[in-house]
Amino acid sequence: MDNPGVASFAPQTSSAESNLLHDEQGEVVSLVPVWDAVPLERGPLHPSPLDQIAIVGGTPEQQQVIRQYLPNARELDIKPGESVEAIVSKLQARGALDHIFWIAPDRSSDGLELEAVIAGQHEGVLLAFRLIKAVLDLGYGARSLGWTVLTTQTQALHREEEVNPVHAGLHGLIGSMAKEYPNWNIRLVDLDAEEAWPLPDLFTIPADPQGDAWVYRGRQWHRQQLAELSCPQPDQMIYKPGGVYVVIGGAGGIGEVWSEYMIRTYAAQIVWIGRRSQDAAIEAKRIALSKLGPAPHYIAADATDRQSLERAYGEIKARYGQVDGIVHSAIVLADSSLANMEEEQFRASLAAKVDVSVRMAQVFGEEPLDFVMIFSSVNAFLKAAGQSNYVAGCTFTDAFAQRLAREWPCAVKVMNWGYWGSVGVVASPAYQERMTQAGIGSIEPPEGMQALEVLLAGPMDQMALMKILN
């Protein structure tokens, strides 16, 4: 979960009583996402009624509402599975554009155990990715272009609110796109499924250069902030001594750090599920950790594939008889600008978050777990340039966890990690120097593990952790 995007972090937080840890290397700051009601300062109608506008998605009724305000708006009919080249041809036939309205499908996720959640990515974030690629192929990257992107109920303002995570990945993609193309005017809105569209607000909301969302609930607009959190030591223990814990993607990075902590502190039996076959490097890690307690058991399985994960689950149950908790630590980090990113790169990073989360819910949904812990990233809030694939996956998993937390009896927690400089995919001296210059310090294992104890035992479902240098 190491996060190359944290260099751009400039916290806008509410006041705090205290932080997690403080040392001469910097201050470890724990943060929680909050949604604040904000007044809307309406700007001029944007886009202009004279602009050439394409509408992608939406019902005929929704498209007609747009045309009432913007008579030059016309549907651009692109379908899931259409190639970038096919979309380019349709854009060329449509002529020069000033603005694109993207309306994400507004359909129920039909329960978290159905393939519809994964299939929905093809008519949501993957189709949007292809549209962006097509627009760039036509030279719009160097021009001014407006975007209005509408999603429905993909964000939850509080724990009791229902959230539909299917198209939450769009928020990551659009936020990252905004950083890469500051010459584009981008408006991202999440609407209430039960309320009528807020008109004329949809056409007067200011564009946001960061690509952050406006959320409309209860006839009120909301914006997200990260608020500092007071973190007392937990007075209860969620981890079980001798418990059996499954870590998807656990044979490296932060998953490995957590495994060592659990073996050393709780004599836990850890099961690693990873994509590659067990090799000498994995065996060396198992042997090293066996000196602290029970050796991790490694299972080679593709956690994006339901049958493969079910076979792994069957092996775990046959061997240990129980599963007490799950950690989703899977990551595929394949950074690239949108202009240079291949769809295969985008899909691989997305699947490590979307598909693995869904398969985890399908396979372990009937197990009497104590907790599910999802390792995400502060990039779900920062939405850094060059990481649209990873960020889209993180914004999906964060929303998916909120849905699970409402429906499952166990604790479902999300840790949005900041920069780890000693382990994981960006643990290099060059990158650490870059982070230091940006004022970002490396989270170290004791700090991260203490924060997880606080998160698991506390009332919050989600926490972000960063180290800010003095």
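For this structure, a couple of remarks:
- In segment 355-366, the residues that are in a loop (DSSP other than H, G, I, E, B) reach residues that are aromatic (Phe, Trp, Tyr) with C-beta atoms within less than 9 angstrom, at least six apart or across chains, in these pairs: Gly365/Trp408.
- Filtering segment 334-354 to residues that are outside any helix (DSSP H, G or I) and surrounded by fewer than 21 Cβ atoms within 10 Å (Cβ to Cβ) leaves Ala334, Asp335, Ser336, Ser337, Ala339, Asn340, Met341, Glu342.
- Search result, residues across segment 43-62 that are modelled with pLDDT of 95 or more and touching a Lys or Arg at 6+ places or on another chain (Cβ under 9 Å): Gln52, Ile53, Ala54, Ile55
- Filter result for Ser308 (outside any helix (DSSP H, G or I) and among the polar types (S, T, N, Q)): no
- Beta carbons closer than 9 Å, at least 6 apart along the sequence or on distinct chains, pair a first residue in segment 421-434 that is in the same structural domain as Gly250 (by the TED database) and hydrophobic (A, V, I, L, M, F, W, C) with a second that is part of a loop (DSSP other than H, G, I, E, B) and at pLDDT below 80 for Val423/Asp2; Val425/Met1; Val425/Asp2; Val426/Asp2; Val426/Asn3; Ala427/Asp2.
- Of all residues in segment 193-239, exactly one satisfies the criterion of being exposed (fewer than 14 other Cβ atoms within 10 Å of the Cβ), among the aliphatic types (A, V, I, L, M) and within 23 Å of Ala464 (Cα to Cα), namely Met237.
- Taking segment 322-350 as the range and being touching a helix residue (DSSP H, G or I) at 6+ places or on another chain (Cβ under 8 Å) and small (Gly, Ala, Ser) as the test, the residues that pass are Ser329, Ala330, Ala334, Ser336, Ser337, Ala339, Ala348, Ser349.
- The residue list Val88, Val32, Val84 contains one member that is over 24 Å from Arg219 (Cα atoms) and buried (at least 19 other Cβ atoms within 10 Å of the Cβ), which is Val32.
- Answer residue from segment 139-186, given it is in a loop (DSSP other than H, G, I, E, B) and of a type in the set (Lys, Arg) and is modelled with the highest pLDDT among those: Arg143
- Positions within segment 186-202 being within 18 Å of Gly43 (Cα to Cα) and among the aliphatic types (A, V, I, L, M), in sequence order: Ile186, Leu188, Val189, Leu199, Leu202
The values are calculated or read from the model by the stated rules, or taken from the named source; none is laboratory data. Given the structure is predicted, the values throughout are model-derived calculations rather than measurements. With ideal geometry, Cβ positions are generated from the backbone for all residues, glycine too; neighbour counts draw on all protein chains shown.
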